[in-house]
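J.: Structure incoming, see below.
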Amino acid sequence: MAWDSVIIFDTTLRDGEQAPGAAMTIPEKVEIAHQLSRLGVDVIEAGFPISSPAQFEAVRRIVKEVHGPTICALARAKNADIDAAGKALEGGANTRIHTFIATSDIHLNAKFADARYGVNLAGKRQTIKKMAVEAVERAKRFTTNIEFSAEDAGRTDTDYLCEVVQAVIDAGATTINLPDTTGYCISDEYADLIRRVMSGCTFGKNIIFSTHCHDDLGLAVANSLAGVQAGARQVECTINGIGERAGNAALEEVIMALVVRAPYFELKTNVNPALLTQSSKMVSTFSGFLVQHNKAIVGKNAFSHEAGIHQDGVLKARETYEIMRAEDVGQAVESIRLGRHSGRHGLFSRMEQLGIHSTDAEKDLIYDEFVRLADRKKEINDSDLFNLVHDYKNVKTEPHYQLESFQVSVGTDQEPEAKVTIRDLRRDETIEKVATGDGPIDALFRAIDHAVNEGHDLVNYSIRSVSEGADAFGEVTVLIGLNGPLFAGKASSTDVIHASAEAYMNALNSLASHRAEEESIQFVATGIMQAFGSGTPE
Ligand code: KIV
Ligand code: ZN
């Protein structure tokens, strides 16, 4: 019998981006969406258009520029949300509106406490069901591909859940998602929930049930797989498992479980496992979220054998300690060694292998950067290439401030002092500032803050070594923000003070660019809201 297919619904750009500190710029999101398309995911959840003009714009650009997967936009069960999602998806060949509303008693009592939703729980449940149906009806104005999620399904009374699900199927929803929003369920329970809802409803062959599991108890992947065994045929997941709180089910882990244990699951997907590692690296670089070394599938150590007994076993027969090969998931692909003597051909063929595509004009600039880097570093690894392109693209797309020079002085009997020269490219002026601080980095950041007029807090600063040997690179990640999204900046150099300055400038440029985007497209969003006469979300 032919194996069933499982639809892979990637929500890295929506739920993944909701991870604290994971904010990405619009060009970064578009780049990731292209990578997801190459990877072979079936659906890309590109964003939550009503939530901000930048989200709206990201969805709009992905619909226009990324072809292959279905592009999905999230909307609460509200007219304004659904209209904004429909508008952002306009013109797309394959689009989906994903509307959701909470169904658990805990959520109903807390979020719908107002008596206009019902004076008691029974009344509120009826109102929520009606809102769910109306949302699906509204979404039909824009597309026939409609997903409905019963938020906190994992803690919802099953009989009521079946009632809501039946009502939205009857109204036209084609995918029914049962999220374990809080990561509360144990695998058997979650499988049971899927089974009970599927057997408690009447639906046609075109209706797909979906898993959406959070990792609060470290069970997101196990629960997703249990859901699939119970009959779900869509899995919602994110690259590297990034997402709200502890994150979502990690796409790479779900895929490799289905591949390595194929005879057990008897299910197939369209994902190409060989592109998992490059996708992971791209998301890690753009989101600023490092992948832990022991992370399954894509971690640096996922295929390293340290203990002598393991090394001996693997040398004798690989399968003694390995259930898959590094090359199956795109790790340790035989690579040309890149360094000072490498030419353009070597550089760009390695970049292509990593999924980094660039235009001819970009190639000249990237190659110049590469030559400069190769002068400072003997061997250039894949992370360096991702950082190089990331830094370049950030500078290219967010050219607000440019660090022209800096000096830092420290000593046993002197207060650390930094002097910076920064070019404000928008105002076309050069600013010089001096500051002292608790240490050289603090002094440097203070001097930059005096020169750059972008109010923010420094939320996090971290530094790690990303290569070995005397010319080891220090990779600096900084996180900044102010009452809103956080912005990450990353840079690496053999000089950690230089890397810190560049990382800080990258984060500031992302913040400045985000503020400019919000301003420049605010009128579009205002126009949309006025056109729909539906005001702003609560
Ligand atoms: O976790 C959740 O419930 C969600 C929904 C919006 C699907 O992310
Ligand atoms: Zn979620």
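The values are calculated or read from the model by the stated rules, or taken from the named source; none is laboratory data. Computed from a prediction, not measured in an experiment: that's the story for all the values here. Glycine gets a Cβ as well: all are built from the backbone with ideal geometry, and neighbour counts include every protein chain shown. For accessibility, only protein heavy atoms count, side chains too; no ligands or nucleic acids. Shrake-Rupley method; radii C 1.70, N 1.55, O 1.52, S 1.80 Å.
J.: What number, rounded to the nearest 500 deg cm²/dmol, is the helix-based mean residue ellipticity at 222 nm of the chain, given -39500 (n - 2.57) per DSSP H run of at least four residues and division by all its residues?
T.: Calculated mean residue ellipticity at 222 nm is -13500 deg cm²/dmol.
J.: Hey, another quick one. The range 232-323: which chymotrypsin sites (Phe, Trp or Tyr not before Pro) are DSSP loop and have at most 16 other beta-carbon atoms within 10 angstrom?
T.: Y321
J.: Cross-link candidates for K300: which aspartates and glutamates have Cα within less than 18 Å, leaving aside residues fewer than 8 places away along the same chain?
T.: Qualifying aspartates and glutamates at Cα under 18 Å: E252, E253, E322, E327, D328, E334, E379, D382, D384, E468, E475.
J.: Give the angle, between 0 and 90 degrees and rounded to the nearest 10, that separates the Cα long axis of helix 79-89 from the longest principal axis of the Cα atoms of the chain.
T.: That works out to roughly 60 degrees.
J.: Specify the angular offset, from 0 to 90 degrees and rounded to the nearest 10, of the alpha carbon long axis of helix 382-397 from the longest principal axis of the alpha carbons in the chain.
T.: The angle comes out at about 90 degrees.
J.: Continuing with this model, one more query. With an 8 Å cut-off on Cα pairs and a minimum separation of 6 or more residues, tell me the relative contact order of the chain in percent.
T.: 13 percent
J.: Also, quick follow-up: Could you give each residue of the range 157-164 its phi-based ³J(HN,Hα) in whole Hz, using Karplus coefficients 6.51, -1.76, 1.60 with θ = phi - 60°, and x for Gly or Pro?
T.: Once θ is set to phi - 60°, the couplings for the range 157-164 become 4, 5, 4, 5, 4, 4, 4, 5 Hz.
J.: Pairs to check: K29/K377; K205/K268; K295/K490; K140/K205. Give those whose C-alpha atoms are more than 25 Å from each other in this structure.
T.: Among K29/K377; K205/K268; K295/K490; K140/K205, the Cα-Cα distance tops 25 Å for K29/K377.
J.: Here is a follow-up. Between the range 4-81 and the range 216-255, how far is it from one alpha carbon centroid to the other, in angstrom?
T.: Answer, in whole Å: 17.
J.: Additional query: Can you give the accessible area of K377, probe radius 1.4 Å, in Å² rounded to 10?
T.: Its accessible surface works out to 10 Å², give or take rounding.
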